Amino acid sequence: MPDRHEALDRLLAEAAARFGTPAYVYVTEAIQDRLDALNSAFGRWFDLSYAVKANPNPALLSWLRDRVATLDISSGGELAAATAQGWAPDRLSFTGPAKRDSELAAALAAGPVEVVVESLREARALDRLARDAGRVQPVLVRLSPAHVPRGFGDHMAGRPSPFGIDVEDAAAALAEIAALQGLALNGLHIYSGTQSLKPEAITENWRIFLQVFRTACDGLDLVPQRLIFGAGLGIPYHDGDTALDLTEIAADIGPDLDTFRAEPRFAATRLTLELGRFLVGEAGWFVTRVVTLKQSRGSTFALCDGGMNAHLAASGHFGMVIKRNYRMHRVGGGEPTARVDLTGPLCTSLDRLGSGVLLPPLAEGDLIAIHASGAYGPTASPTGFISHPAPREVLAEGGQLRDVTPRP
């Protein structure tokens, strides 16, 4: 294996030895590399916002505080987690399709948190709470485009959707929201598709955003302070997937963004690229240990100490993730020569991390590392199911490891 793979395996083996398995290992150098690539490709147009839902580990939120401009939070719990890690309220953008009044009140109480309203009902409720508090609350409005290009793993617009205000209804809704005395309409937000590995789909989607933003702002005569673009950038989970070339995307969309920024209405507008898994997904590895091996009717099973309960996405049961094997390897290397089915410790046939995975011959005690596990890991998994121990979370920074598992 190349030296960098050997160094990674030493790191993963040390994490397993010191903190136990199953464990998630997050490598900050890999996140920094991704930040550098994003800023190099898009920094002339966009600042970056991190979607906390992708990985809300407190140590990671603290590490990101001086490295991205803002956080996208989607619940009162994420609001509390962000402020606990020192994020100033005016660097938080609160999305979510069904915010409770108590969550809206918490955003008001925290300070100038930017609330992204997703319905007229939500705008009216926030207006009432703001006026009762003697405040004017800054808001963006989330819009739902009528079309999403093919090539996204999940669509949150282009069809009936619980997210945002449909563009067909936007003119009247925006006029009503702009007239609410307790709100200050500062801009717009769109996130309509996720996990795309097709550059042409991403750039077509952003062009749709540009047109929606133009139409909405022209109709309202709004000079927006901020416009948020849901990135939709995907990562390669499976063999055969091709990683995105950010420079290719920037070269394609750049002239459109330059034209947009040259328009007087948008000359001073802050453009934000919101992303989650693309930033942290490939910077994490899930490490599980082989407890025992079993031969059954011509198949080899490796039964591991972490399964669907610890990593739902890798089992193929999370959202739009389909049942294809994640990339994985045996820690310590070896020539892949044998097919094996990887299962976990649960009493259900759903508990399968991989089927027919080509790996080196395995033995009890071997470590398996599942790639692209930095996003939608522990908090997206049924860790309480059958009461197995929750996975550890380990942060690797400068080659140093520390246990960052959130405490109850």
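The values are calculated or read from the model by the stated rules, or taken from the named source; none is laboratory data. Everything numeric in this text was worked out from a predicted model, so none of it was measured. Cβ coordinates were reconstructed from backbone atoms using ideal geometry, including for glycine residues, and neighbour counts include every protein chain displayed.
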Query raised in the report: Applying the selection to segment 248-270, what residues are basic (Lys, Arg) and not in a helix (DSSP H, G or I)?
Result: ARG270
Query raised in the report: Any idea which of (1) in a loop (DSSP other than H, G, I, E, B); (2) small (Gly, Ala, Ser); (3) over 18 Å from ASN325 (Cβ atoms) is the one ALA396 doesn't satisfy?
Result: (1)
Query raised in the report: What residue, among those in segment 1-19 that are surrounded by fewer than 16 Cβ atoms within 10 Å (Cβ to Cβ) and touching a residue at least 12 places away in the same chain (Cβ under 8 Å), is nearest to GLY398 (Cα to Cα)?
Result: GLU14
Requested in this report: Would you confirm whether any residue within segment 94-106 is under 26 Å from LEU246 (Cβ atoms) and either surrounded by 16 or more Cβ atoms within 10 Å (Cβ to Cβ) or in contact (Cβ under 8 Å) with a residue 40 or more places away in the chain (or both)?
Outcome: yes
Query raised in the report: Is it true that some residue in segment 297-319 is modelled with pLDDT under 95, assigned to a loop (DSSP other than H, G, I, E, B) and touching a strand residue (DSSP E or B) at 6+ places or on another chain (Cβ under 7 Å)?
Result: yes
Query - From the options VAL287, VAL223, residue that is assigned by TED's automatic domain parsing to the domain that holds LEU395, touching a helix residue (DSSP H, G or I) at 6+ places or on another chain (Cβ under 7 Å) and at pLDDT 95 or above - result: VAL287
Query raised in the report: What strands (runs of 3 or more DSSP E) lie completely within segment 1-107 and have 2 or more residues being touching a Gly at 6+ places or on another chain (Cβ under 7 Å) and either among the basic types (Lys, Arg) or within 22 Å of GLY230 (Cα to Cα) (or both)?
Result: 46-51
Requested in this report: State the number of residues belonging to segment 183-232 that are among the β-branched types (Val, Ile, Thr) and either assigned to a loop (DSSP other than H, G, I, E, B) or over 18 Å from the mean Cα position of the chain (by Cα) (or both).
Outcome: 5
Requested in this report: Go through segment 362-398 and give me each residue that's farther than 18 Å from LEU312 by Cβ, of a type in the set (Gly, Ala, Ser) and buried (at least 16 other Cβ atoms within 10 Å of the Cβ).
Outcome: ALA396
Query raised in the report: Quick check: is even one residue across segment 339-361 within 23 Å of the chain's Cα centre (by Cα), assigned to a loop (DSSP other than H, G, I, E, B) and surrounded by fewer than 17 Cβ atoms within 10 Å (Cβ to Cβ)?
Result: no
Query raised in the report: Looking at this structure, is ASP241 surrounded by fewer than 15 Cβ atoms within 10 Å (Cβ to Cβ), assigned to a loop (DSSP other than H, G, I, E, B), in the same structural domain as GLN195 (by TED's automatic domain parsing) and not β-branched (Val, Ile, Thr)?
Result: yes
Query raised in the report: For the subset of segment 141-160 comprising residues that are in a loop (DSSP other than H, G, I, E, B) and in contact with a Ser or Thr (Cβ under 7 Å, 6 or more places away or on another chain), which member is surrounded by the most Cβ atoms within 10 Å (Cβ to Cβ)?
Result: ALA157
Query raised in the report: Restricting the search to segment 320-338, which residues are assigned to a loop (DSSP other than H, G, I, E, B), closer than 30 Å to HIS155 by Cβ and of a type outside the set (Val, Ile, Thr)?
Result: MET320, LYS323, ARG324, ASN325, TYR326, ARG327
Query raised in the report: So which residues in segment 329-387 are acidic (Asp, Glu) and in contact with a Phe, Trp or Tyr (Cβ under 7 Å, 6 or more places away or on another chain), if there are any at all?
Result: ASP341
